[in-house]
Structure formats: structure tokens, C-alpha cells
Number of protein chains: 4
Amino acid sequence: MSAVFADETTLRYALAFEAGLARAEAAEGLIKQSDADEIVKACESISIRPDELAAEAAFAGTLAIPLLKHLRSKLSKDVAGKLHRGATSQDVADTILACQMRDAEVLLTLDVDRILKALATLAVQHASTPAIGRTLLQDALPVGLGLRFAQWHAGLADGGRRLANDVRTYAGLQFGGAAGTRANLEGKGTSVAARLASALNLADGPPWHGRRTGIAAIATSVAIVVGALGKMARDISLLSQNAVNEVREPAVPGRGGSSVMAHKRNPTGCQIALSATYRAPGLATGILSGLVAEEERGLGGWQAEAPALADLFLVAAGSAQAMAGVAEGLEVDPAAIARNLNAADVGHDIGESATLVKALLGKQG
Amino acid sequence: MSAVFADETTLRYALAFEAGLARAEAAEGLIKQSDADEIVKACESISIRPDELAAEAAFAGTLAIPLLKHLRSKLSKDVAGKLHRGATSQDVADTILACQMRDAEVLLTLDVDRILKALATLAVQHASTPAIGRTLLQDALPVGLGLRFAQWHAGLADGGRRLANDVRTYAGLQFGGAAGTRANLEGKGTSVAARLASALNLADGPPWHGRRTGIAAIATSVAIVVGALGKMARDISLLSQNAVNEVREPAVPGRGGSSVMAHKRNPTGCQIALSATYRAPGLATGILSGLVAEEERGLGGWQAEAPALADLFLVAAGSAQAMAGVAEGLEVDPAAIARNLNAADVGHDIGESATLVKALLGKQG
Amino acid sequence: MSAVFADETTLRYALAFEAGLARAEAAEGLIKQSDADEIVKACESISIRPDELAAEAAFAGTLAIPLLKHLRSKLSKDVAGKLHRGATSQDVADTILACQMRDAEVLLTLDVDRILKALATLAVQHASTPAIGRTLLQDALPVGLGLRFAQWHAGLADGGRRLANDVRTYAGLQFGGAAGTRANLEGKGTSVAARLASALNLADGPPWHGRRTGIAAIATSVAIVVGALGKMARDISLLSQNAVNEVREPAVPGRGGSSVMAHKRNPTGCQIALSATYRAPGLATGILSGLVAEEERGLGGWQAEAPALADLFLVAAGSAQAMAGVAEGLEVDPAAIARNLNAADVGHDIGESATLVKALLGKQG
Amino acid sequence: MSAVFADETTLRYALAFEAGLARAEAAEGLIKQSDADEIVKACESISIRPDELAAEAAFAGTLAIPLLKHLRSKLSKDVAGKLHRGATSQDVADTILACQMRDAEVLLTLDVDRILKALATLAVQHASTPAIGRTLLQDALPVGLGLRFAQWHAGLADGGRRLANDVRTYAGLQFGGAAGTRANLEGKGTSVAARLASALNLADGPPWHGRRTGIAAIATSVAIVVGALGKMARDISLLSQNAVNEVREPAVPGRGGSSVMAHKRNPTGCQIALSATYRAPGLATGILSGLVAEEERGLGGWQAEAPALADLFLVAAGSAQAMAGVAEGLEVDPAAIARNLNAADVGHDIGESATLVKALLGKQG
């Protein structure tokens, strides 16, 4: 996931944007095919240090200015004037971000799917195993142990579906030019956008320079996934307290040890997932606050989105990866479960737990 | 909107839950029809002071305990034992909240639709009127004035659609009993739930006591609607600065005056909408943080949801109502628009603004 | 605490502001003493329904306009023109808020002090009682039980001190007039402010219409107090899990019961305090976001402060009151503590717990 | 500022902790002086790649474990057992964080002081220059232009002072051992802590493993500094709108340009500062949420603090650096100021602006 938001990737997608734009404009007759070829070749062959470009962009206040300077130095004077036609710096920045969010969602889903698979198996396997249910941190009545797993599954599956849908809908091409009107394109802006979106494998649509509702939707959906993972982590960490001991994270050599207590086995996977739950809501908050972008391009709000989104996906990825390991190797202790249930002395009636497990897993279908 | 979250409404839905449950359980043969009739009659005829019940609930830590005490005092001893069968206090609380969110969304949509209608009209009317576009708070290039309105429209329409969808999906019946297993219902819990959901006009599904992703989805979607309204408010307040003066809120007698400056006309509608944007993200944050609910019923997190959700819908409603008045009466000053455009000296090319207006409004269809 | 932020209190302080201002201006010779007397009398005798005034203020966009209208109707025409001289509506609103924050801090401190006293006693009493310490939710090494109480004490004492200091420093008079320059006061604005601050028992200083750092300081300090209370609540709720059972909230008749499980004793005090921890950070966030107030008086940000601050103090008060009861009646179970410690099998060495207890309590001095 | 939170610095302070601890323990007779010498020498001579250590720490769930492994490989077997005596991994991590916060505050203050100096000069210079004051984004009454600068100054000076005070108070040594009791130190823990704190130039005090109020205090104070900088940035960006044009950021070659509009001069310094205001509140929120740390060491909350604090100081530093350049080079346009004031037609009475400037600047003294 770090790679998705690395300077290298930013540079690669920036070049893909400029190359794709040149191709699309040539196809629409806005620039000559030979000019496009020269631009594409420059994009493919130019050697820019990603970290230096990032520093230049930070100074300039925008990525496009230093990028275009580098590219133009590789082009004949005539063709240099054809580069980036009809585009603006935010077009490049937002389109890069869209590509990154799309890629990030794919990566995240790999780990989420591992968890879902492991939980579905656990849920079915333990659907009818009675365990003491706990409400408000107090023993309540029995539950089917599998129902607990199925509820984690349902929350995560739901969060994942919603995020996937938001990314598909909103991580689309940004292409509007300086004021978002697609000016200076001889009326062919819509066609150029369609071609460029297709080349970059992004959804097409009108520009959204000042309309950030889609970004906010994605950000909050990531935060919900983090929360669903955190719910699972909190439960596992509670259930693996020494006095409870019903489940345990798998032992991973070199992880979860203590620098002084050899006997300890810390819930390090849960720690990572819970740590993410203290980061994600606040990161999403900043993006929600940025919705009030000024006029055709906001000052401050949208520039804060990219680092916050990168952090959101990074903490989500760390959480999902950690919990995938936890879910796949979860150790369940039937004896402890039986002992705790008996201690509660509330019988063994797990009601319709098994039916609910099926219903909850089925929602995923 | 205050009425939706008032103590009276809470009480009304609480009684509807208990009455509906009795009816559903009678239909499934779990209690006698005559018992159900007695319960329904008590729910319909009981006189409880909503504010007193709220105080009792705050003390008890849950609404259901004092409510049931009141109801049981109206029932024969035998029937008193049949009340609330298979349910738990969170079933009542969450189902009330679901009803309130459903009602709140309907109310909010009324004002959102007023705004959308007004903006669509403005967007079409001014689609080709050139105005100076501004990026980073600086004059940039011309835009079609209607494109600005259409972008507001698209953001708000999108936010509204997403919220409606989330409410429809997630504001569903909660019915799981003490540990969320539908125990003590002779295997008929699923059928009882289906009947009860239908009676209350809510979506049916497995219990979600400890799985709060749906609540978080709704909360963040409300915050996005607030942000979309705030974007519009920020733009209007910037455009109505004295030195810009391109649009103005309608004059409303008794509103927007100054206690000392008779000449002032303050953008009070925008003030309300912008004020909401400083409240909503933080309110949503708290709900995202609460996703890590402990085991079968969390301690602290879900209890914090109801007041935060009520506040979210209240600030959203205040914002939407204010901006509906603003949108419907928005004063546009063509002379000022032309003057500012000419001062920028960047020509009049508005690119494909008119095409984009159509595309943006069409997305709403 | 509700009373501090009730419409009645708002009205009372609004009238105190106008009366105090008239007196101060008369003392400085800006208005006649007889005019001041008439204004003071009107402020003391006028009958306004607080809820109606609140509704009028919401419509007008500011409290001062309807308030002044009511007051002027009670004054002779001449004196009506002397009312509110040199003041603006935000002067009234902010000064009311300052009075409310000052009062709220006093109330909150009453309960905080109850907790501190109870914790100090518990800490000393159990300073050398060995108990198993837990890190990352796993058994670690022994601690002196009193050290745990002393740490809660230190966090809360520290938070309380910081809040008290912030309120003393920042909850001061606002008096600047329409643009914050103290115009129209014949150069006597500083003197009028000093008199008015003294009359209202508030700190004096330059106006802070657009400078909201003080408000943000208070808000975040309240959130820290809420967090310190929540830390204590989380620990108590963990320690009172059935399988741990080392401490318990005191039983309070009618509180903490379950609507279905007679055997349950829920940690309802902790629930209230933990619930507050899901509200306060987000409420503080909104106020931090509002620091970027526009020019001489912001649009949206400061108007969002009053309801957020009221909610902050309300959830803090609910938390402190609940935890005062918990701390004063905390049930400690030495047998369970010994049993859990022995089960951990890590000896009984509590290191310098007793010394640390003294150091931590001493910091309170 | 990046250097303060870089892996290199983390490693350097980790080694300083272990070396300082060995020295302190030798001085107290807990280990032999020759053992301490060997440990100190190892800490000074060991070559560890900071990025590799960071990766190992991420895997292990704590920095200390891989660090100690590296160090022990350089020590004789006997001495290896003396390393890290009485300490735990969180002691290392929190002490590093304390050193970093202390250093970060120093760096931040350098830029804050540049701004304060520039603003004080501007405030005095323009104390009596009349300019139109604006409230709710509408022209109001005149202000002394210097009063605006003095208000920015007061907010920032106040925020800076509060942060400095919090860092001095709370960025102290963490030294408590596995359960925070200073066990295994033969009763000399307090003395060891005093020596170690002194060696690291940190405040001394009892351990705060589970008591995070100090961290929250620092985090919120940074957010307030960011807000004070953002207030200034918002005002400057509003005042430099083309239609207003009263002040401008200094032109910096290569900064603030547009990739398509050669005529534009974007407020890039303000953009950076405003962008920070969309990040900081949410980052602080997460730390406030983490106050409810579990028992003797929390699971998830405190692990989320370090990255959030680093981000807070980084966005604050970026903001302060940008605004230092803006403040030092701020271009004031007297003609535009006079023109806008005349257009408002509300006279030239700036009240007691000059007096207030003095009062506001004097508070800094």
C-alpha cells in the first residue's frame, strides 16, 4: 500500500495523464499525431527523480508546474506548447489521486477477502457452539460462537462493499481545465475526457474541482472499514484476556513479545487494528471539513485531501493485513468457552444463532 | 425536525414497538391474542409524560426499564409477563432510532428537493452567462454562471441520493433479544421480526446490536449533505462580498440585520449552513469512533450515537431550510458579474459550460 | 449544568450585559445616570419568555436584535437610543458564553473534586495492596492497587487544573463594538470595558471577536477532562468484568439493571462516562476548525461554538457526576484481586508503588 | 521538522535512552560501572540502519525488542543481561516521543517568532491607518489596519506560549518498567529516573504509561497554533482577492504560479497554512479519543499517538514556515485600502484601534 501512494507512483500516473491526454487530443484532431507521439515518447523516456519532483511540487504549490518544466525540456519548442492542452494542475493531481484510490481499494480488498473467508469458515464451524454472550462488558446470555464471527463478517463485508461501490463511482477522471469549463478544446472536451478516462481505466464524468462529495464518500467509507476491522480486534483482545482466554491471536515468531516479560503474548495484530481506529475517524473529519471548497477550486481544503486519504488507506491496509493473519490463525479454546459459559450459569440456549449465521453470511453472496 | 427527535416521538415509537411486538407474537402463536390486545390497548391508552420518562431513562441507563414499569402497571399480572417477550432494551432504543432516522431523512429531503429545483432552474437560465471563475480565491478564467449552480446541484443531489440509499438500507428493525440470538421465541424469531418490521415500516434483517456500520454510514452521509450545502453557502457568501456583489441572499424582513449597522445585510442563511459545517464532521467522527463496540453490546459507543445523530439531522435540517430560502430567492446581479469579468480581462470563452450544465443536471434524473 | 446553558440563563446574562454596560457608560459620563437607571430598571423588570427569545434569535441570526427590540419597547424614545451604545451583537453573545463557561467550570469542579477526594483516599488505603497489572489487555507484573487509583487521580487533577486555568484566562469579557475597535465611545472604551468586566466578574482584555484561540483552549481542556474521566471508567468497566471482578460500581437502586436479565448489574456510571468520550473529541474538533474565522467576525465558525461548548460541558458534567458516585462507592474485592494475582504467577513485587502514589497525589497539592 | 521525526532521530534517542539508563544505574550502584561503560560504548558505536529498525519494530509491535537484540549482539553475555534493566519498551518509545516533541517545539517556535516579529512591526506601523473592517464577510465599520495585524499576533503569541508551556510540563521522561511501578530497581527507581531525565534534558516525574493527558494537551495546543496561523492565512487570502487587493503575499520566484494562467499569483503560503487547518483538528481528535487507555498500558490508543503527533508538528511547521515568509514580505496596498474604505462610505473613525494595538502587543511581553 505504501507503493500506491509513493512518489514513484505519483510520477508514473502524472506522466500517464499527460501522455494519455496527448493521445486523446490527437485522436480528436486537436493536436497533430506526430506531436502526440513526441509527447508520449518523452513521458515514457524521461528520467525524473520522484523525490526531487515531490520537493519541487511542495515549493511550487502544485505538481504540474515542475513536471511540465521537466517534460518541456525534452520536447521541441513547438510541441512543448501542445503539452497539457486544456488541462490544469488540479486535473493532474486529482486524476492521480483517483488512480491511487482505485489501486488502493483493490489491494485492501485482497486482505479483506482473506478475512471474510476465514470468518465465514469459523462462523459455520462454530455456529452452534454455545458461548457466553456479553453486553456492556457483563455476562449476559449464551450466543452461538459462530454468530459472533458472522456479525464481524457482516460488518466488514458491508463496509467493503460500500467502499468498493464508492471508489467505482467517485474515483473518476478529473479533466476540466483552468476553471473547470473544458475551454480551449474547440468543443471537443467531452470526447477528449471520454478517451482519456478510458485510457486511464477510470470512470468518466464532468469535472469535480470544487465538488468534493465523492472524495468525502470514499474517505468515510475507508473509515467505516477500519471501524469494522477494529470491532473485530476489540472483541478478540477482550476474549483473549488471561481471565477469559476464549480465543487468541496466532503466535507469530518475533511478534507480540515483551521486552521484559518472556511469558507475555501480546495481541499485536489487534493492536495494529485498534490503533487504526484512533487515526481514521479524525482523518475522515478533515476531509468532511474540506467539502466547503471555495468557488471553482478551493484554497486549503482539497490540498489536504491527498495526504489524509493516503494515511487512511495506509492505516486501513495495515489493519486489514494484521487482521487477516489473526483471522486465518485464530485459536479457539473450547474448554475455556465452556468453562466461562458454565460459570455464568445461564443455560445453553443459543436461540436462533445458527439461522442468523446463515442469514448474515448470505448477505455477502 | 426537532419534533422527530423529541421525547414525545421517542415515547410514541417505543409504544409502537411494544404494541407491534405483541401483535407479531400473537400472530405467531407465542402469546395469546387476548394478551396482545391488552398490551396494544395499554400502549394506546397509557399516559406518560415524555420528559419524565426521559429523565427516568437517563437515570436507569436505558429507556426500556422505566417504560416497561409504566406499562406493566396497566396490565394484569399475567399479561405483564408477556410484554416485551424476547426483546431487550437496545431493541427498543435502536428501533426508535431507526424510525427517527427514516422520518428525518424524509423531512430533510423536502428542503433538499426545493434547493435542487431552484438550482436546476438557475443553472439552465444562466448556463451561458459568462462570469469570472475563481480558483484559490483568485480570478482565473470565465465560466458559465450556470455551471457554478449546476455543480452545487450535482454535489447536493449526489449527497442526498447517497443518504436516502443508506437510510433505506440501514435504518432497519433491531430485534435480537438480550444477546442478539432471538432466544426464548420457540424458533419463531425470524417470523416475529418480519412481522414487526413490516408493522413499523422498517427494513428487516438480522440484529445489529454490536455491528454499527449502518449507523456510521448514515451519519457520514448526513455530514456529506451538510458539506454540500456548506459549499453552496461558502460560494454565495464569497460572491456577495461588497467588492464582488454578484449574487445576494434574498432580503428577509427581520433577518440578517445588524444590531448597530443599519446598512448591513448579512448572509444569515449562509451563516446557518456554514455553522453546520463546523458541527457535522465532528459529530460524525464520534460515531465512527464508536464502531469498535464491545462484544454483543458496546459500553459507551452506541449510547453516544442517538444524541449525535439527532444533532446531525438537526444541523442538516437547519442548513437545508436556510439554503432552500436562499436558493429560491437568490438575487443575481448581471451588471456586477459583467463588470468583474471585464476587470479580469481574460475574455469571455466559457468553454463547454452549457454542455456540462446539462450533464450535471442529467445525472440527477 | 443544563441550567447553566438554558435559555433562561442566556436571557439573564444578556440583560446583565446591557444593564452593566449602561451603568459603566454612565460612570464614564457617556450617558446620563438617569438614562442608565431607566435601562437598568427595564433590564430588571422586563418579562421575556426565554424560549420565544431563543426562537426569535434563531430567525434573526443573532440574539441581540430581538432582545434590544424588547428592551426598547420598555424605554422612552430618548433612552432607547442610549441602550447598547458602542456594543455589537457578538459582544452580548460572547460575554454570555464567557459567563456560562465560568459557571460551568465551577459546577464541573464540584464533582471533579468529589472524585479526587475519593480517589486519594482509595489510593492511600490500597497503596501497598498487590494486584496484577495489565498491559495491552494482558497480565503483566504486579502493581500496588493504589497506584492505579493515584494515576487516575493525577490525570483528572491535571486536566481539571488546566481547564480551571484556561477558563480563568480566556472566559473574559467581549466588548469591541461593530468592528472590534471600541468606536463611538469618546476614547473611553477601555474604561467602560474595565467597569463592565468587573460588574460581570469576568477577566478584562481587548476584544476577541475574530480571535478564538481562547475558546478552543477551553474546549480542548474540557475534552481532556472527559478523557481523564473516561480512562477511569474504562478501567473500572474492565476490572468489573465477571471473569475479573476486582472492583465494582456501587449498586444504585433502579440503575444498571437489565430489562430482561435480573442477574445483571451493568456499569451504568462507566457507561455514561465512556459515552462522553465518544462525544467530546468531535465536539472539540469543530471548535478547532472554527479558529480560521474570517476577518473581524467569522461567518459560521463562531456561531457553531456555543452549542458545541454547551454539549461539551454537559457531557463532561454527566460524566463527572456519574463517576463521582462510582468513585465514592467503589467496591473493591480483595479476594478476587489476590486470586487474579496468584493466577498470573508473577510474584508480588510492586516495586515503588507506594512512593509513586505519594508523588502522584502530591502533585495535586 | 522532518528530521525531528525521522527514523534516524528515533534511533539516536533510543540509543541515548539505553546509554543514559546504564549510566544512571551504575551511578546508583545497580549495575557495575564497567558494564555501563560497555553498554554506552555499544550504543555509541553500533551501526543500525534506521529504516530497517523501523521495519523490524513495525513487525514486532514495539521498537525495543529489535533494538535490544541488535545491542545485545554487541555485548558480552553478562553485560547483555544488564541492558535495559527495569525498563520496558514503552519507556523507550515514550521517552523518544518526549524528546521529539521538545525539539519540535523549539523548531516551530523559530518560525512563530519570525511571524510575531513581522506582525508586531506591521501592527505598529499601520496602527492608525483606517481600513474597512468586515464582519460576516460584509463591510462593517473602519478598523485601524494595524489592529488586524495585532489580533493575529495576539492569537499566535497566545497559542505559542500555551504550547511551550505544555511541552515544558508534559514532554517528560517516561520510566516505569513493565507495569509502571519501577520494580526490580532495589528501591532506587526514583533516583535512576532523576538521573536519566537530567541526562536526556527532560522533565522528571512519575510514569505516565496509561495516563495520556499530557500528550493530549500538547496535541491540542499544536492544533491551536495551526488554527491561529490559519486565521491569518484566511484573512490574507480574502484580502488579496482581486476585487479587494488590500494585501498580497510576497512574490516568490517559482511559487504560486499557475500551470496555465501566466497572469495568476496564487496565495500559496496561505494555501499551505489553510491546508494545515483541515488536517490538525482531526489529528488532535484521534489523540483525545486515545485518552481512554486500558489499565497500565493501552491497546491501540497510545500506539496511534506518535504518527499523529509527528503529522501535527509537520503540518504546523509547514504552516509556520510558509506564513513566516508571508508575514515578512507582506505587501500592503494603501491605495486599495483607501478605495475600499471610501466605497463603504462609513467614515474613518477607527475608535481605539491604536490603544488596542498596544494592549495586544503588550500581552506578548
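From other protein chains only, count the Cβ atoms within 10 Å of every residue's Cβ in D:120-133, then give the mean.
1
Relative to the longest principal axis of the C-alpha atoms of chain A, give the angle of the C-alpha long axis of helix A:33-45, reported between 0 and 90° and rounded to the nearest 10°.
50
Rounded to a whole number, what % of the accessible area of the stretch D:178-325 do carbon and sulfur atoms account for, probe 1.4 Å?
For the stretch D:178-325, the apolar C and S fraction of the accessible surface comes to 51 percent.
Using DSSP, restrict attention to beta bridges with both residues in chain D and report what percent are antiparallel, rounded to the nearest 5.
Just about 90 percent of them are antiparallel.
Given Cα pairs under 8 Å that are at least 6 residues apart, what percent is the relative contact order of the stretch D:123-261?
20
Relative to the Cα centre, what is the charge dipole magnitude of the stretch C:206-365, using +1 at the beta carbon of each Lys and Arg, -1 at the beta carbon of each Asp and Glu, and rounding to the nearest 20 debye?
The dipole magnitude comes to about 200 debye.
Between copies, how close do the A:A343 label points come, placed 7 Å along Cα→Cβ, listed in nm from shortest?
From this label point to the equivalent ones elsewhere in the assembly: 0.4, 7.5, 7.5 nm.
Could you identify the residue of A sitting closest to the A-D rotation axis by Cβ and state that distance rounded to whole angstrom?
Nearest residue, distance rounded to whole Å: A:G282, 2.
May I ask you to derive the relative contact order of the stretch B:1-151, considering only C-alpha pairs under 8 Å and at least 6 residues apart, and to give it as an integer percent?
RCO, the stretch B:1-151: 19 percent.
The stretch D:236-365: D in µm²/s via Stokes-Einstein (Kirkwood Rh, Cα pairs, 4 °C, 1.567 mPa s)?
The diffusion coefficient I find is 70 µm²/s.
Given the protein assembly as shown, what percent of its DSSP beta bridges are antiparallel, to the nearest 5?
80
Given label points at 7 Å from Cα along Cα→Cβ, what nm distances, shortest first, separate B:K77 from the same residue in every other copy?
Once sorted, the set of distances for B:K77 reads 7.8, 8.0, 10.6 nm.
Mind checking which of B:M323, B:M261, B:M101 has the largest fluctuation in a GNM of chain B, springs on alpha carbons under 10 Å?
Taking springs between Cα atoms under 10 Å, the residue moving most is B:M261.
Of A:A14, A:A60, A:A193, which is the most mobile in a GNM of chain A whose springs link Cα atoms less than 10 angstrom apart?
Between A:A14, A:A60, A:A193, it is A:A60 that shows the largest mean-square fluctuation.
At 222 nm, what helix-only mean residue ellipticity would chain D give, in deg cm²/dmol to the nearest 500, using -39500 (n - 2.57) for each DSSP H run of four or more?
Result for chain D, helices only: -21000 deg cm²/dmol.
Can you send over the carbon and sulfur percentage of the accessible area for the stretch C:1-97, probe radius 1.4 Å, protein chains only?
52
Roughly how crowded by other chains is peptide D:239-249, in terms of the mean Cβ count from those chains within 10 Å of each of its Cβ atoms?
Whole-number average of other-chain Cβ neighbours for D:239-249 is 4.
With r as the distance between the Cβ atoms of C:Q33 and A:N245 and R0 = 51 Å, compute the FRET efficiency 1/(1 + (r/R0)^6) and round to 0.05.
0.05
Roughly how tilted is helix C:7-27, in degrees to the nearest 10 and between 0 and 90, from the longest Cα axis of chain C?
Result, in degrees: 50.
Pick from C:I337, C:I46, C:I218: which residue has the top mean-square fluctuation in a GNM of chain C where Cα pairs under 10 Å get a spring?
C:I46
With an 8 Å Cα cut-off and a minimum separation of 6 or more residues, compute the relative contact order for chain A in percent.
Relative contact order comes out at 21 percent.
Rounded, prolate or oblate for the stretch B:23-84? Axes are the square roots of the Cα gyration tensor eigenvalues, ordered a ≥ b ≥ c, and the cut-off for rounded is a/c under 1.5.
Cα axes put the stretch B:23-84 in the prolate bin.
Just tell me how shielded C:59-72 is by partners: mean number of partner chain Cβ atoms within 10 Å of each residue's Cβ, no decimals.
4
Work out the length of the dipole vector of chain C about its Cα centre, built from +1 on the beta-carbon of each Lys and Arg and -1 on the beta-carbon of each Asp and Glu, and round it to the nearest 20 debye.
140
May I ask for log10 I(q)/I(0) of the protein assembly as shown at q = 0.03, 0.04, 0.08 Å⁻¹, from a Debye sum over the Cα atoms as equal point scatterers with solvent left out?
Values, matching the q order: -0.13, -0.24, -1.02.
Can you list, shortest first in nanometers, how far C:D204 lies from the same residue in the other copies, with each label 7 Å from Cα toward Cβ?
Result for C:D204, in nm, nearest copy first: 4.4, 7.1, 7.3.
Accessible area per residue, 1.4 Å probe, Å², for the protein assembly as shown: what's the number?
Here the per-residue accessible area is 32 Å².
Pairing the Cα long axis of helix C:189-200 with the longest principal axis of chain C, what angle in degrees results, from 0 to 90 and rounded to the nearest 10?
50
When all C-alpha to C-alpha distances in the stretch D:1-142 are sorted into bins of 10 Å, what percent of pairs does each bin hold, rounded to whole numbers?
10, 30, 22, 11, 9, 10, 7, 2
Within chain B, how many Lys pairs that are eight or more residues apart, or on different chains, come under 27 Å at the alpha-carbon?
The number of close lysine pairs in chain B is 23.
Excluding ligands, DNA and RNA, what is the accessible area buried between chains A and B, summed over both sides, using a 1.4 Å probe, to the nearest 100 Å²?
6000
For chain D, treating each Cα as an identical point scatterer without solvent, what Debye log10 I(q)/I(0) comes out at q = 0.06, 0.07 1/Å?
-0.31, -0.41
The values are calculated or read from the model by the stated rules, or taken from the named source; none is laboratory data. Keep in mind that this is a model prediction, so the values were computed, not measured. Quick reminder, even Gly has a Cβ in these numbers, built from the backbone with ideal geometry, and neighbours come from all protein chains shown. Surface areas here come from the heavy atoms of the whole protein model, side chains and all, with no ligands, DNA or RNA. Shrake-Rupley method; radii C 1.70, N 1.55, O 1.52, S 1.80 Å.
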